[in-house]
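The values are calculated or read from the model by the stated rules, or taken from the named source; none is laboratory data. Model, not experiment: these values are computed from the prediction. For neighbour counting, all protein chains shown are included, and Cβ atoms are generated from backbone atoms with ideal geometry for every residue, glycine included. For the accessible areas, the whole protein counts, side chains as well, though only heavy atoms, and no ligand, DNA or RNA atoms are used. Shrake-Rupley method; radii C 1.70, N 1.55, O 1.52, S 1.80 Å.
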Amino acid sequence: MLAGPAAAQQAAAPKVSVVQAVIKPIKDTATFIGRGEAIDKADIMTRVNGYLEEVLVADGAEVKKGDVLFRIERSAFEAVLESRRAELAQAEANLELASLDLARKQKLFERGSVPEADRDTASANEQVAEARVRAAAAAIRQAELDLSYTEIHAPFSGRVGRVEVSIGDVVSPGGAALVNIVREAPVYVSFSLNEKQFVEILQNLDSQGIDRSDTEAAPEVFVVLPNGAELKEKGRIAFAGNRVDPATGAVTVRAQFQNDHRLILDGAFLTVGLQSQEAVDRIIISQSAIQRDQQGPFVLVVDDQNQVAQRYIVTGDVQGTGIIVLDGLTNGETVVVEGLQKIRPGVEVDPVLAGQAGE
């Protein structure tokens, strides 16, 4: 058999691209399923019965606190108010007469011209007249309130939903909502921690000497939107429950986001990530180095003699193009990232250093 160039090529060690497992400072993260919650949301109802005269808001419109959204016909309420004012004037006139009558009866009683019973009756009549004046004044205040309720204002700034009524509808307090309004920014995102996670966070804050009530020092919170994109804006924990839910064994936590771009919607399901304040040294490698079989994820490592060995690992969170390795590798070990299909454990290779993970 001839020993030529072909035989020499077969004997040559295959070239593979490798990277080193490196230690990098990484902020630990944990992910949960969360839900967007508006800080303020309300169904706008009428407080009086009436004919809807104007609709001053469009579906989905942005409104400011105090903006007039609807107007109910005022004429009936203005008529009631005028009637109540007339009743007050009448009550005041009756009170004046009752006071004059009491003054006369008092003088006559002092002279002995009328019995005490007449003086007492005049006094009672004056008190009744005073009560009627107060009742008439209260009726005016109620009529003024009812008249003011013919204009329906936005209780806070936000965005309205679909307008459910039209001009000409007769609306009433017991009827359906006219429209709903939601404050979109800032917004809450609520999620739950199990008891172990919650206690670990508290212990971590205590170990760093951080005041638990200092929201600025609390772990950062990030969210992944329903389309898979991570929101650039970070949130802060605004509230943590004071009890464990016996049904779920979890503690409710609420984070607040400024939501400047209105990407977090009320009721939306989101992936929530909790990130520690302090970075921890972690081993990280390129994701392209990882293979899997029935036993789990593994990598092929190259030793000092350029021999390939299989190593099962425990992985953590993804970091860019890299992934954290929690167990199975040590700092500085060489891991194959390209040419995996050409090699197997035990063979000798010709390693070529590639870019590092996460770069």
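Within the stretch 52-67, can you find the residues that are in a strand (DSSP E or B), more than 12 Å from Glu164 (Cβ to Cβ) and open to solvent by 40 Å² or more (accessible area, probe 1.4 Å)?
Glu53, Glu54, Glu62
Can you tell me which residue in the stretch 13-28 is modelled with the lowest pLDDT, limited to those that are touching a strand residue (DSSP E or B) at 6+ places or on another chain (Cβ under 6 Å) and not in a strand (DSSP E or B)?
So the residue we want is Ala13.
Would you mind telling me which numbered condition in (1) farther than 12 Å from Val133 by Cα; (2) among the basic types (Lys, Arg); (3) open to solvent by 60 Å² or more (accessible area, probe 1.4 Å) Arg85 fails?
So Arg85 meets the others, but not (1).
How many residues are basic (Lys, Arg) and in contact (Cβ under 8 Å) with a residue 60 or more places away in the chain when one looks only at the stretch 309-345?
1
From the list Gly358, Gly320, Gly316, Gly339, exactly one residue is among the small types (Gly, Ala, Ser), farther than 23 Å from Ala30 by Cα and modelled with pLDDT under 85. Which is it?
The match here is Gly339.
As an exercise: evaluate Gly316 against (1) open to solvent by 30 Å² or more (accessible area, probe 1.4 Å); (2) closer than 28 Å to Leu225 by Cβ and give the number of the one condition it does not meet.
(1)
Taking Glu184 as meeting all but one of (1) among the acidic types (Asp, Glu); (2) under 22 Å from Arg84 (Cα atoms); (3) open to solvent by less than 50 Å² (accessible area, probe 1.4 Å), write down the number of the exception.
Looking at each condition in turn, Glu184 falls short on (2).
Under 8 Å between Cβ atoms, which residue pairs at least 6 apart in sequence (or on different chains) link something in the stretch 297-308 that is under 11 Å from Asp350 (Cα atoms) and outside any strand (DSSP E or B) with a partner that is open to solvent by 20 Å² or more (accessible area, probe 1.4 Å) and among the hydrophobic types (A, V, I, L, M, F, W, C)?
From residues that are under 11 Å from Asp350 (Cα atoms) and outside any strand (DSSP E or B), the pairs are Asn306/Ala13.
Using the structure shown, decide if Ala12 is more than 26 Å from Leu147 (Cα to Cα), more than 27 Å from the chain's Cα centre (by Cα) and not basic (Lys, Arg).
Here the answer is yes, as Ala12 does meet what is asked.
Does Gly36 meet the test of being within 20 Å of the chain's Cα centre (by Cα) and not in a strand (DSSP E or B)?
Considered against the rule, which asks whether it is within 20 Å of the chain's Cα centre (by Cα) and not in a strand (DSSP E or B), Gly36 comes out as no.
Quick check on Gln90: is it open to solvent by 40 Å² or more (accessible area, probe 1.4 Å), at pLDDT below 95 and either in contact with a Ser or Thr (Cβ under 7 Å, 6 or more places away or on another chain) or not acidic (Asp, Glu) (or both)?
The answer is no for Gln90.
Going residue by residue through the stretch 250-257, is there one that turns out to be open to solvent by 20 Å² or more (accessible area, probe 1.4 Å) and among the aromatic types (Phe, Trp, Tyr)?
Checked against the condition, which is being open to solvent by 20 Å² or more (accessible area, probe 1.4 Å) and among the aromatic types (Phe, Trp, Tyr), the stretch 250-257 yields no hits at all.
Among the listed residues Ser99, Ser113, identify the single one that is loosely packed, with under 13 Cβ neighbours inside 10 Å, over 30 Å from Ser157 (Cβ atoms) and either at pLDDT 95 or above or of a type outside the set (A, V, I, L, M) (or both).
Ser113
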